[in-house]
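Have a look at the structure below, then the notes.
Read-outs: derived from the displayed coordinates by stated rules, not from any lab. Being a predicted model, the structure only gives us computed values, none of them experimental. Reconstructed Cβ throughout: ideal geometry from the backbone, glycine too, with neighbour counts over all protein chains shown.
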């Protein structure tokens with residue numbers, strides 16, 4: 001544990017000089033983007049960012065904005081977890097709030113733009129909309145259904161999506177369960193072995209991006225043993241899929257003979273995974289312990305915090321993030337606006353924890369992992385902070401904003417969305 | 001002889017008032033029950049409903065003055081014994097997590113923790129007895 005927490009401390013300390021010279025004064029400089037004409041009172045408070053970066057709020061109170069996508073003309077598409085006036089997708093024309101159009105009568109999380117189509121997901125299906133030559137949705141009321149009938153039992157039901165460059169779309173199907181017990185999350189309930197959920201959830205499925213009405217049996221079971229993923233992205237620099245796994249909960253509540261309150265708050269890492277076709281990451285049988293730097297046998301399956309058992313051969317994460325922080329978006333940065341260090345690196349939006357209690361809750365920030373050749377190339381660091389609204393709110397887990405989506409604009413700006421109130425921030429860099 | 005300045009009845013009323021205000025909440029359950037209830041709450045419920053009973057946005061509901069906590073005892077016992085995943089809304093918010101069953105706790109433990117919840121976090125409701133828990137447990141066993 002010492003090493004892990006000291007790494008975290010080091011990272012935090014190392015980034016503190018940047019964090020203190022924050023957006024406050026920089027935000028007042030003119031920003032070289034004429035599409036932004038909304039000036040919010042939030043500008044002066046801003047987010048805490050590394051030096052040279054500044055943020056503006058491009059939209060406020062849109063609703064529960066999950067993932068976002070920005071088109072080449074600057075239009076922002078926001079996917080809502082709850083319908084607003086009957087709409088589950090908002091289009092902010094020109095990237096601002098002066099002209100907002102709503103469509104898509106289903107709530108959900110996933111949204112993406114690729115090769116002249118807008119893709120969006122409900123909690124059980126994936127749709128697409130053709131865009132015209134002016135990048136406008138041609139038929140907002142009649143999307144093509146690409147994939148349907150996916151599992152939705154509320155828990156872990158986000159169907160996050162990403163597309164590769166070969167005509168495929170990847171869909172996360174989260175397990176509606178913590179650890180595949182007979183009775184989910186019940187003290188004393190056995191882990192099912194084999195876990196029947198793995199047949200239809202707890203993994204990533206690959207579908208054709210242009211074929212209507214696919215069901216799970218038409219898809220390729222691309223990777224399994226992944227409890228839940230909300231953030232995933234295709235890394236075009238190396239042509240591979242990367243996902244953020246939400247690690248398991250409640251080691252202490254269900255197994256206090258093996259795990260302390262602190263163990264529960266700190267051990268079961270959130271995992272940054274490189275996913276190759278056919279990979280199995282071990283859920284529900286295994287979790288990753290960053291202190292031991294090992295995949296460990298879950299206590300529902302005979303583990304006691306020390307036994308590795310069948311988990312010894314399971315692929316480790318590229319980066320193990322602190323437990324329970326809920327990584328809800330992943331984005332590989334391909335723009336030219338930010339300094340060289342950010343090129344092809346990974347931004348990760350952490351929605352924030354609940355299962356750390358009674359330890360203070362944590363997360364509510366956007367992190368950055370420098371990458372080279374598809375591998376981490378240095379320690380991760382906090383990139384954007386200040387969403388929670390103060391330390392007390394952060395510790396309680398009842399915060400102002402929760403980072404949930406990330407998108408890159410055509411000029412290389414980074415957009416961050418919040419599903420608490422529905423803010424969208426635009427982050428820019430100026431030397 | 002000097003006349004009394006304050007009438008006796010006023011003195012008695014004042015004394016009574018002081019006495020009552022020393023223990024303003026006459027319905028509060030015995031300390032032993034509350035203490036036992038808190039130990040169980042901290043172990044079994046806190047990780048979801050949080051130390052202050054106010055829950056977590058979008059994940060786990062608050063236990064402060066909700067209609068389930070202050071409502072019919074049977075219903076509350078049922079939720080905790082059998083678990084609960086019907087979609088509910090509190091102040092416009094719904095919750096992604098399921099509430100797991102707690103049949104591993106005995107009747108005394110369930111009654112202690114529910115009595116504790118009904119008298120913490122700003123709640124003030126009648127205690128729940130082990131006999132009441134036993135009845136609901138039997139009904140659940142019969143498939144109700």
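Between A:324, A:67, A:252, the GNM of chain A built on Cα springs shorter than 10 angstrom shows A:252 fluctuating the most. Within region B:29-141, the proportion of Cα pairs with more than 23 Å between them is 20 percent. Shown here: region A:2-429, whose C-alpha atoms stretch 59, 52, 40 Å along the first, second and third principal axes, sorted largest to smallest.
Partner shielding of B:48-55 amounts to 4, given as the average count of beta-carbon atoms from other chains within 10 Å of each residue beta-carbon.
Among A:237, A:362, A:59, the largest mean-square fluctuation in a Gaussian network model of chain A, built with springs joining Cα atoms closer than 10 Å, belongs to A:237. Taking A:184, A:85, A:249 as the candidate residues, the one with maximal mean-square fluctuation in a Gaussian network model of chain A, Cα springs under 10 Å, is A:85. Each eigenvalue of the Cα gyration tensor of region A:283-365, multiplied by 5 and square-rooted, gives one semi-axis; in descending order these are 30, 18, 9 Å. Per residue, chain A reaches -2500 deg cm²/dmol at 222 nm when only DSSP H runs of four or more residues are counted, each adding -39500 (n - 2.57). Dividing the radius of gyration of the alpha carbons in region A:35-189 by their Kirkwood radius gives 1.04 for Rg/Rh. For region A:339-395, the alpha-carbon coordinates run over 40, 20, 14 Å along the three principal axes, in decreasing order.
By the beta-carbon count within 10 Å of each Cβ, the least crowded to most crowded order of A:294, A:431, fewest first, is A:431, A:294. In µm²/s, what is D for region A:267-425 at 25 °C and 0.890 mPa s, where D = kT/(6 pi eta Rh) by Stokes-Einstein and Rh is the Kirkwood radius from Cα pairs? It diffuses with D of about 145 µm²/s by this estimate.
Over region A:224-280, the fraction of Cα-Cα pairs per 10 Å bin, rounded to whole percents and listed from the shortest bin up, is 22, 39, 25, 12, 2. The alpha-carbon atoms of region A:152-195 define a convex hull whose volume equals 80 cubic angstrom per residue. Taking every Cα-Cα distance in region A:196-292 and sorting them into 5 Å bins starting at zero, the pair-distance distribution P(r) comes out as 3, 12, 20, 20, 17, 13, 7, 5, 3, 1, 0 percent. Among the residues of A:172-180, the average count of other protein chain beta-carbon atoms within 10 Å of the residue beta-carbon is 1. The alpha-carbon positions of region A:98-221 define a convex hull whose volume is 117 Å³ per residue. With no solvent and one equal point scatterer placed on each C-alpha of region B:22-88, evaluate the Debye formula and give log10 I(q)/I(0) for q = 0.21, 0.27 Å⁻¹, two decimals. The Cα Debye sum returns log10 ratios of -1.10, -1.44.
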